[in-house]
Structure formats: C-alpha cells, structure tokens
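Engineer: Dumping the structure here so I can ask a few things about it.
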C-alpha cells in the first residue's frame with residue numbers, strides 16, 4: 001500500500017531545476033514534481049501526452065504558434081508530437097502526469113544540461 | 001490543441017457530490033475533479049489504480065485496515081483491487097487521475113445514488 005505524499009513537502013526536498021522527481025506511479029503513468037527557471041530546449045514527445053499543473057510561480061508553455069501561461073491551479077495537456085518548451089522567469093514549480101520513462105528532452109535525446117534521469121523519487 | 005483549465009474554476013462550475021467531471025484526458029487516462037460530502041460505498045477497481053489529490057476540505061480515504069486523511073495538497077494512490085471508500089465530513093474537493101472509463105462504483109456496478117456517468121466534462 002502506498003503512503004500519502006504532501007506535494008509541498010515533496011517540492012521542499014530538492015532544489016535543482018529541470019529534474020523531475022516521481023511522487024507516485026500508477027497504471028504505467030507517473031506523477032512528478034519539477035522546479036524550473038529559465039528556458040528549456042524546444043522538443044516533443046513522439047508517444048506521450050503530458051499534463052502540466054502549475055503549483056507555484058508562473059509556467060510559460062511555449063508552442064511554435066502560441067504561448068500559454070499557467071498560474072498556480074491552472075493546467076494544460078501537451079499532446080504527443082507537438083513541439084514545445086517550458087519557460088519561467090521566476091522560480092516555478094509544477095506537477096506532471098505522463099507515462100513512465102518519458103525522457104524529459106524528448107526527441108532531442110540526451111543533452112548534458114537538461115536531460116534528467118528517469119525514475120528518481122523525491 | 002487543448003486549452004488550459006483553471007482547476008478552481010472547474011470546481012466552480014458544478015455543485016453536485018459524487019459526480020466526477022473530466023478536465024483533461026491523455027494517454028488513455030483522465031484527470032477529473034469531484035466534490036464529495038458523506039460516505040461512498042465500499043468498492044474496488046479490478047483493473048485501475050487511482051490517484052487522489054485533495055484540493056479543498058479534508059478527504060478521508062478508508063481502507064479495511066487503515067484510514068488515510070488527505071488535506072489540501074496531499075495525495076495518495078489507491079492500488080487496483082484494494083477495497084476502499086471516500087468519505088468527508090465537510091464539503092471536500094479532490095482531483096482524480098485514473099484510466100478512462102473507470103466506473104466510480106467499481107465492482108459494485110451501477111448504484112442509482114452513487115454511480116456517475118463517465119466522460120462528462122466540466
């Protein structure tokens with residue numbers, strides 16, 4: 001039986017940006033928390049839709065044809081195959097729902113600075 | 001391309017208890033919001049794990065051998081096959097992440113009072 005997780009506490013347990021941490025897994029999916037500041041590289045995920053829920057800060061999800069700004073409590077699905085990047089001027093925290101083993105840099109493969117190891121729990 | 005959803009606004013768009021509303025779908029899963037007050041029947045889901053994230057109020061998830069209380073910002077996975085029921089003394093709102101087409105009353109099948117129609121958006 002899994003234990004409950006306090007999302008705020010989970011965010012309090014790490015500091016680094018662009019390194020999602022798994023807080024739950026179910027049905028082949030993962031729930032992750034991530035901190036960001038700055039701009040992530042443009043990328044897409046061939047086989048995975050992603051759900052982002054802004055928790056603190058201001059999450060700017062950029063697409064090639066539009067920008068969606070998410071305040072705390074606002075969420076968005078990024079459909080598979082759609083190029084996007086996550087950006088934030090200020091320190092920003094958000095929750096992700098997506099399949100297990102999604103590489104955060106998607107089609108770009110491994111980039112030293114941005115690619116995060118998968119399956120790392122808080 | 002999906003549009004962003006404000007979770008608080010989604011909760012503001014309906015009043016009834018025990019009727020989950022879909023706010024997003026991805027990878028064969030759904031993100032739902034639900035209001036509850038009182039006690040749901042004991043049930044389990046044979047083929048679906050469920051993720052509950054308390055949004056407002058106090059969500060008491062009862063299992064046969066323990067009770068887990070979730071405050072806002074606290075979350076829990078209910079593994080498939082495990083009997084449970086959701087309860088709340090006060091009006092309570094929570095977010096659900098689970099596979100599409102999960103019957104909320106699980107193994108009990110359709111019960112007039114509690115079984116909600118699937119796939120209903122906010």
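Engineer: Could you grab me the full set of residues in the stretch B:58-79 that are surrounded by fewer than 17 Cβ atoms within 10 Å (Cβ to Cβ) and closer than 24 Å to residue B:47 by Cβ?
Structural biologist: If the condition is that a residue be surrounded by fewer than 17 Cβ atoms within 10 Å (Cβ to Cβ) and closer than 24 Å to residue B:47 by Cβ, then B:63, B:64, B:65, B:66, B:79 are the ones that fit.
Engineer: Sticking with this structure for a sec: Quick one: residue B:111 ticks every box in (1) in contact with a helix residue (DSSP H, G or I) (Cβ under 8 Å, 6 or more places away or on another chain); (2) over 15 Å from residue A:4 (Cβ atoms) except a single one, so which number is it?
Structural biologist: Answer for residue B:111: the failing condition is (1).
Engineer: Out of the residues in the stretch A:30-47 meeting the condition of being farther than 25 Å from residue B:9 by Cβ and in a strand (DSSP E or B), tell me which one is nearest to the other protein chains (Cβ to nearest Cβ).
Structural biologist: Result: A:30.
Engineer: Would you confirm whether any residue within the stretch B:47-66 is modelled with pLDDT of 95 or more, within 19 Å of residue A:29 (Cβ to Cβ) and touching a helix residue (DSSP H, G or I) at 6+ places or on another chain (Cβ under 7 Å)?
Structural biologist: No.
Engineer: Taking into account only those residues within the stretch A:1-29 that are in a strand (DSSP E or B) and touching a residue at least 40 places away in the same chain (Cβ under 8 Å), which is farthest from residue B:76 (Cα to Cα)?
Structural biologist: A:21
Engineer: Among the candidates A:92, A:105, single out the residue that is in contact (Cβ under 8 Å) with a residue 60 or more places away in the chain and either within 11 Å of chain B (Cβ to nearest Cβ) or touching a strand residue (DSSP E or B) at 6+ places or on another chain (Cβ under 7 Å) (or both).
Structural biologist: None of the other options fit; the residue is A:105.
Engineer: Here is a further query. Go through A:97, A:14 for me and flag whichever is in contact with a strand residue (DSSP E or B) (Cβ under 7 Å, 6 or more places away or on another chain) and either within 17 Å of residue B:7 (Cα to Cα) or within 12 Å of chain B (Cβ to nearest Cβ) (or both).
Structural biologist: Checking each option against the conditions leaves just A:97.
Engineer: Sticking with this one: Failed condition for residue A:85, given (1) away from chain B (no Cβ under 14 Å); (2) touching a strand residue (DSSP E or B) at 6+ places or on another chain (Cβ under 7 Å); (3) closer than 30 Å to residue B:74 by Cβ; (4) assigned to a strand (DSSP E or B), with all others met?
Structural biologist: All conditions are met except number (3).
Engineer: Between a first residue in the stretch A:48-73 that is at the interface with another protein chain (Cβ under 9 Å from one of its Cβ atoms) and free of Cβ contacts under 8 Å to residues at least 12 places away in the same chain and a second residue that is in a loop (DSSP other than H, G, I, E, B) and surrounded by fewer than 18 Cβ atoms within 10 Å (Cβ to Cβ), which pairs have beta carbons less than 6 Å apart while being 6 or more apart in sequence or on different chains?
Structural biologist: A:68/B:4
The values are calculated or read from the model by the stated rules, or taken from the named source; none is laboratory data. Here the structure is a predicted model, which means the values were calculated and not measured. Please note: Cβ atoms are built from the backbone with ideal geometry, for glycine as well, and neighbour counts cover all protein chains shown.
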